[in-house]
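A.B. asks: One structure is given below, represented as structure tokens, and several questions about it will come after.
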Amino acid sequence: MKKLLSVLMLVCAVFTNARADDNKILVAYFSATGNTKAVASTLATAINADLFEIVPEQPYTSEDLNWQNNQSRTSIEMGDKSSRPAIASKIEDISQYNIVFVGSPIWWGREPSIMDTFIESYDFTGKTIIPFVTSGSSDIGDYGANLQSLTPNVKVLTGKRFPNNVTSEELKTWADEQMQKGL
């Protein structure tokens, strides 16, 4: 009986680990001021996901982020939909993830151009992409639809905007609902 119980426990452990590996999760984010970083870190912890920061090769200065200056770096990038700012590092093995949450602020009513660089840098075939954004007032807009247009053969969900003070519990509840939709 003891041997049978040990075998059953081993089989259960193998199946449990296989299910967990089948749905390995990544939270990839870009954060210019730290707001998205805080939400992404909380989300990754809440859902036991790996975390990857999308860092621009050329960091953004406060002058670059001045949306009131139409000659600032971000104004120029966002005015050119083909702009693809370089990213400083890469994910070594994106194939290990089935679900990828992508987060950033909202700039000019859409995702920052560096997010387009990120999405176009990997093969997301067979994965689900779930966007999330941070903003004090702007909604998520066409973020999901924009990412879907860059990855037509991938399942991209609509996503959601979060305030800076979102709780871990709120993020986990939302993420669990999204992951069920993505499967």
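A.B. asks: Being of a type in the set (Val, Ile, Thr), farther than 25 Å from PHE132 by Cβ and at pLDDT 85 or above narrows it down to one of THR61, THR16, so name that one.
C.D. replies: Details: THR16 fails: at pLDDT 85 or above.
The conditions single out THR61.
A.B. asks: Continuing with this model, one more query. Could you tell me which numbered condition ILE47 fails, if it satisfies all but one of (1) closer than 22 Å to ASN146 by Cβ; (2) in contact with a strand residue (DSSP E or B) (Cβ under 8 Å, 6 or more places away or on another chain); (3) surrounded by 12 or more Cβ atoms within 10 Å (Cβ to Cβ)?
C.D. replies: Going through (1) closer than 22 Å to ASN146 by Cβ; (2) in contact with a strand residue (DSSP E or B) (Cβ under 8 Å, 6 or more places away or on another chain); (3) surrounded by 12 or more Cβ atoms within 10 Å (Cβ to Cβ) one by one, ILE47 breaks only (1).
A.B. asks: Then there is this: In this structure, is GLY126 at pLDDT below 95 and not in a helix (DSSP H, G or I)?
C.D. replies: Values: at pLDDT below 95: yes; not in a helix (DSSP H, G or I): yes.
It is true that GLY126 is at pLDDT below 95 and not in a helix (DSSP H, G or I).
A.B. asks: Scan the range 95-117 for residues that are outside any strand (DSSP E or B) and either closer than 19 Å to PHE132 by Cα or acidic (Asp, Glu) (or both) and jot them down.
C.D. replies: Within the range 95-117, TYR97, ASN98, ILE106, TRP108, GLY109, GLU111, PRO112, SER113, ILE114, MET115, ASP116, THR117 meet the criteria.
A.B. asks: Take the conditions assigned to a strand (DSSP E or B), touching an Asp or Glu at 6+ places or on another chain (Cβ under 8 Å) and within 21 Å of TRP174 (Cβ to Cβ) and apply them to LEU26. Does it pass? Spell out the reasoning first.
C.D. replies: Working: assigned to a strand (DSSP E or B): yes; touching an Asp or Glu at 6+ places or on another chain (Cβ under 8 Å): yes; within 21 Å of TRP174 (Cβ to Cβ): yes.
Here the answer is yes, as LEU26 does meet what is asked.
Per-residue answers, yes or no, for (1) under 23 Å from ASP176 (Cα atoms); (2) free of Cβ contacts under 8 Å to residues at least 12 places away in the same chain:
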| site | (1), (2) |
| --- | --- |
| THR45 | yes, no |
| GLN71 | no, yes |
| ILE94 | yes, no |
| ILE99 | yes, no |
| TRP108 | no, no |
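A.B. asks: Does any residue in the range 139-152 that is over 11 Å from ILE119 (Cα atoms) come within less than 6 Å, Cβ to Cβ, of a residue that is modelled with pLDDT under 90 and not charged (D, E, K, R) six or more places away or on a different chain, and which pairs are these?
C.D. replies: Every condition considered, the pairs that remain are GLY141/GLY109; GLY144/THR158.
A.B. asks: Also, I was wondering about something else. Considering (1) under 14 Å from ALA28 (Cα atoms); (2) modelled with pLDDT of 95 or more; (3) in contact with a Ser or Thr (Cβ under 9 Å, 6 or more places away or on another chain), say which one PHE101 fails and leave the rest.
C.D. replies: So the condition that PHE101 fails would be (3).
A.B. asks: Scan the range 97-141 for residues that are of a type in the set (Phe, Trp, Tyr) and over 14 Å from the mean Cα position of the chain (by Cα) and report the count. So that I can check it myself, show each step before the final result.
C.D. replies: Here is the first cut: in the range 97-141, the residues of a type in the set (Phe, Trp, Tyr) are 97, 101, 107-108, 118, 122, 124, 132.
After this cut, where a residue has to be over 14 Å from the mean Cα position of the chain (by Cα) as well, the list is 107-108.
Of the residues in the range 97-141, 2 are of a type in the set (Phe, Trp, Tyr) and over 14 Å from the mean Cα position of the chain (by Cα).
A.B. asks: Turning to a different aspect of this structure: Residues in the range 70-91: is at least one surrounded by fewer than 13 Cβ atoms within 10 Å (Cβ to Cβ) and assigned to a helix (DSSP H, G or I)?
C.D. replies: Residues of the range 70-91 surrounded by fewer than 13 Cβ atoms within 10 Å (Cβ to Cβ): 70-71, 79-82, 86, 88-90.
After this cut, where a residue has to be assigned to a helix (DSSP H, G or I) as well, the list is 79.
Among the residues of the range 70-91, at least one is surrounded by fewer than 13 Cβ atoms within 10 Å (Cβ to Cβ) and assigned to a helix (DSSP H, G or I), which makes the answer yes.
A.B. asks: Give the range 137-183 a look and list any residue that's among the aliphatic types (A, V, I, L, M), farther than 20 Å from SER82 by Cα and in a helix (DSSP H, G or I), or say none.
C.D. replies: Residues of the range 137-183 among the aliphatic types (A, V, I, L, M): 140, 145, 147, 150, 154, 156-157, 166, 171, 175, 179, 183.
Within this subset, residues satisfying the condition of being farther than 20 Å from SER82 by Cα are 140, 154, 156-157, 166, 171, 175, 179, 183.
Answer for the range 137-183, where residues must be among the aliphatic types (A, V, I, L, M), farther than 20 Å from SER82 by Cα and in a helix (DSSP H, G or I): LEU171, ALA175, MET179.
The values are calculated or read from the model by the stated rules, or taken from the named source; none is laboratory data. Remember, predicted model here, so these are calculated numbers, not experimental data. A quick note on method: Cβ atoms are made from the backbone with ideal geometry, for glycine too, and the neighbour counts reach across all protein chains shown.
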